[in-house]
Structure formats: structure tokens, C-alpha cells
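Remarks on the structure that follows.
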Amino acid sequence: NRRICFARRPPGQPTADVFTIAEGEVPLPGDGQILCRNLLVSVDPYLRLKMHDRESYTPPLEIGEQIPGGSIAQVVSSRHDDWQEGDLVAIPGGWQDYAIVLGKVATRVDRERAPLEAWLGPLGMTGYTAYAGLLSMGQPKAGETILVSAAAGAVGSLAGQIGKALGCRVVGIAGSDAKCKTVVETLGFDACVDYRSSTFEEDLRAVSPDGYDIYFDNVGGRISFCVQKQMKLFGRIIVCGLISQYSGQNDLDPKSLDEYMRWILVRRLAIRGFIVSDLARNHPEFHETMAGWLKNRQIRLETTLYQGFGQIVPAFLAMLQGQNTGKSIIRIAEA
Ligand code: NDP
């Protein structure tokens, strides 16, 4: 069993030497547990947050600790009544070939209903983050204008498409012309603005001169500072993630906080952060609704798919640098 573990805390953008591979025997499940073979592995930005030794919403990784993460897996042997050999499951399987988890934390994956990748994307934690974050925190109404950052990424691409499905006008922010093109032409957003352009702020205003009702923020930093001034009166800012800051970058002048607070008052803005697990029980209709949207193609399954165990670390590093569109997934075995 190969397991990717945490070797050292990176001072800035992580590199491959942050990780090390440990090899060992395939473990045996205990009472109530299942042994699973990971098929699809997820790489997620919160892992970068866990590399800092400081308080967050998720505990820091210890040096030597196995890297956690969601996976789609197949049950190899079961000591839990609900599961049998061969079943397909979504589990917190981590970056390894085989995982042991409690049977009660596994959820069933039905490949008749949607391809395996969808259970890490729209039908998994990523999809629920976009859905529950937008609905619970933003309470969008048809006709409102929603702005989404990291719009070509896993959560952002879904938040925008959900906004469209709910009858809103949706604008994206992404890191290149090519991504902006995909966001509009493939994902159906109404417009998309490149934050690397020197005219970013003007471009943002030009595509929505009346401003934005909701900002679904995945990035924080300079981008969000520019956006805030373009929010409408009583606008809602949903703080989903701050990826532009996770590697310790600080692209804002300290005085910007005064300016930021001033605009909260002037525009009477509501700003709410959330973590997907807080909203776990808010939307029992989620699976049914999302599966329906996938089926009638209102939501597209957008993934950047890598092949092989050796691609897990490169896929993670590439995602942090914006080399993905949609959900980054690594296939390490076949069902
Ligand atoms: P993505 O698939 O969106 O990948 C990350 C993207 O972030 C990259 O593709 C890149 O796109 C963008 N990015 C990277 N660095 C910067 C930067 N300096 N400035 C602007 N954009 C940058 O990842 P996810 O969809 O998995 O996650 C998106 C956000 O959602 C993250 O902040 C994550 O922490 C958060 N999240 C929050 C959850 C919650 O419960 N609150 C749950 C899950 C995710 P580009 O090319 O456009 O720069």
C-alpha cells in the first residue's frame, strides 16, 4: 500500500518535496470497518491551509501524517452490515492505494446515475459547497446578478451554473483569456473577466454597470477588494475560500482594511463565511436536484483528469497554480 505523507511545511507555494511516499502492507478492517481500494482521488485547496501550523477551521497536518482527502473507492472486504465486496463508495480515503474507514462514513456511489467522476464533483462535497453555499448564504433570486471568482474551477464553475439554473445573471472571474472563454462558451456564464488583465476593474464594471447582488468569493485578496466596491446596495458576499492567500501571499496594503470597512457601511453589505460541513443538513433535496440538472445538461460535468498514483502530487500543485478547469481528479485504479 502506497501512502503519500506530509514531509515539511512549505514557506510559500508548495513543491513536490513537501510530500514523501511511505509503503506498507494492505491493512485489515476491524469491526464496523471496510477496506477499500481507491479508484479516484481528489486534490483540494484546503490541504494547503492544513500545511500551516496555525489555527484554522481544520487542524494542521503533523509532519509524517498521511494526506487526507475525498475519494471514490471499491470495497475489498467489509466488516460492516451495509457494505459488501465490490460496492462503490465515496469515502475520506486519502492519498493512498487502500483505505480503511468506518462503514458508517461511506456513502453509496451509483454509476448508473452518473459517472464516477461526478461523485467527487457536482454530486460530492464540491457540488454541495457550491449549492449550499450559494442557496443558504446568498439566497439568490431570479434576475439577480451573481459574480463568482475562480469561476473555471471546481466549486466556482458549479456555483455559476447553479446560479444560471436558478434564473440569475452570472459573471465569472478567472485567470486567463482561455479560461474566460470556457466559462462563457462551455459553462454558459453570461460574461467572464480575466483578473490578470491590467484593466480588470474596468472590465468588471463594463460587463455589469449596475453592480453585483451576490459575490461568491473563492479567492480573497486583491480581487475581492476590487469587487467589493462594485457590489450593489444590500449586496451579499459569500466567503467560500481565500485561495489567493493560502500560500502566505499578501497582495493588499494594510490600509485597505479601512477602505474595505467603509464600503461595507456605505453599501450596507452582508459578508458571511461558511464551511460546507456547517450546512450538511440544510438541503436534503441536493442530490435529487443536482442529478436532475446533470441529466438535463443544465450543469456540465467539468473535470481535469489525471492518470496514475504518481500524478496525485503534480495534480495538486497544478491546481494551486490554476492549471485546471473544473474538478481535479486522479484515477489511480479501475473498478
Ligand atoms: P479550484 O478547482 O477552483 O482550483 C483552484 C483555482 O484557484 C485555480 O484553478 C486558480 O484558477 C485559482 N487560483 C489559484 N491561485 C489564485 C490566486 N492567487 N488568485 C486568484 N485565483 C487563484 O478549487 P476548488 O473549487 O476545490 O476550491 C475553490 C475555493 O473554494 C478554494 O478557495 C477552496 O478553499 C474553497 N472551498 C471552500 C469550501 C468551504 O467549505 N468553504 C469547500 C471547498 C472548497 P485561475 O486560473 O482562475 O487563477
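The condition of being within 10 Å of the ligand (Cβ to nearest atom), among the charged types (D, E, K, R) and more than 19 Å from V43 (Cα to Cα) holds for only one of D194, D110, D177, that being D194. For the stretch 242-275, residues that are at pLDDT 95 or above and in contact with a Phe, Trp or Tyr (Cβ under 6 Å, 6 or more places away or on another chain) total 2. Quick check on my filter: what residues within the stretch 14-25 are in a loop (DSSP other than H, G, I, E, B) and surrounded by 14 or more Cβ atoms within 10 Å (Cβ to Cβ)? Hit for the stretch 14-25 is P14, nothing else.
The set of residues in the stretch 187-219 that are of a type in the set (S, T, N, Q), crowded, with 17+ Cβ neighbours inside 10 Å and more than 19 Å from the chain's Cα centre (by Cα) contains only S208.
Determine whether I162 is assigned by TED's automatic domain parsing to the domain that holds C240 and within 17 Å of L294 (Cα to Cα). Judged against the criteria, I162 is a match.
Can you tell me which residue among R297, R272 is away from the ligand (no atom under 16 Å from the Cβ) and either farther than 19 Å from Q161 by Cβ or not aromatic (F, W, Y) (or both)? The match here is R297. Counting only helices (runs of 4 or more DSSP H) that fall entirely inside the stretch 242-335 and contain at least 3 residues that are surrounded by fewer than 15 Cβ atoms within 10 Å (Cβ to Cβ), the qualifying elements are 256-267, 286-295.
Applying the criterion of being among the hydrophobic types (A, V, I, L, M, F, W, C) and not in a strand (DSSP E or B) to the residues of the stretch 220-241, the residue that is surrounded by the fewest Cβ atoms within 10 Å (Cβ to Cβ) is C226.
The values are calculated or read from the model by the stated rules, or taken from the named source; none is laboratory data. Just so it is clear, the model here is predicted, and its values are computed rather than measured. Ideal geometry is used to build each Cβ from the backbone, glycine not excepted, and the neighbour counts take in all protein chains shown.
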